[in-house]
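Written below as structure tokens is the structure these notes are about.
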């Protein structure tokens, strides 16, 4: 799913909102996540997952064509760790709303 498909889906689910407002909301959320990561902060969305930044130290790599050593500079890369609820849904767990009174407890 791309950003425009997300906006369209949200527009269909919320006909009382203008599409331009939904576009602004989605863009603002992504911008805030990006800004927080650029500051080095961690962004956690309960049940969905957490975004963080990992440091990759400088290293000596190899040019795959020539085999010559190449210095690769230190860099920071975004990292995403899925939340428990998302992992469970991806691996055959229940759909949201199917068992509303459970609240995530595994005891029957």
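Read the figures in this text as sums done on the coordinates, not as results from a lab. Just so it is clear, the structure is predicted and the values come from calculations on it, not from any experiment. All Cβ positions, even for glycine, are placed from backbone atoms using ideal geometry, and neighbour counts span all protein chains on display.
Say we join alpha carbon atoms closer than 10 Å with springs in a Gaussian network model of the chain; which of 21, 41, 31 then has the biggest fluctuation? Checking each option, the largest mean-square fluctuation is seen for 21. The residue 32 and residue 12 beta-carbon pair, evaluated with R₀ = 30 Å, returns a calculated FRET efficiency of approximately 0.80.
A Gaussian network model of the chain, with springs between Cα atoms under 10 Å, assigns the largest mean-square fluctuation among 43, 70, 53 to 70.
In whole angstrom, how far apart do the alpha carbon centroids of segment 1-29 and segment 42-79 sit? What the calculation gives is 31 Å, centre to centre. Helix 19-38 axis versus longest C-alpha principal axis of the chain: approximately 40°, rounded to the nearest ten. Ranked for footprinting exposure by Cβ neighbours inside 10 Å, fewest first, 2, 29 give 2, 29. Using C-alpha pairs under 8 Å with a sequence gap of at least 6, the mean separation divided by the residue count of segment 3-90 gives a relative contact order of 22 percent.
Over the chain, all Cα pairs binned in 5 Å intervals from 0 give whole-percent P(r) values of 2, 9, 11, 13, 14, 15, 13, 9, 6, 4, 3, 1, 0, listed from short to long.
Build a GNM of the chain with springs between Cα atoms under 10 Å apart, and of 23, 74, 85 the one that fluctuates most is 74.
Compared with the dominant Cα axis of the chain, that is its longest principal axis, helix 3-13 is turned about 10°.
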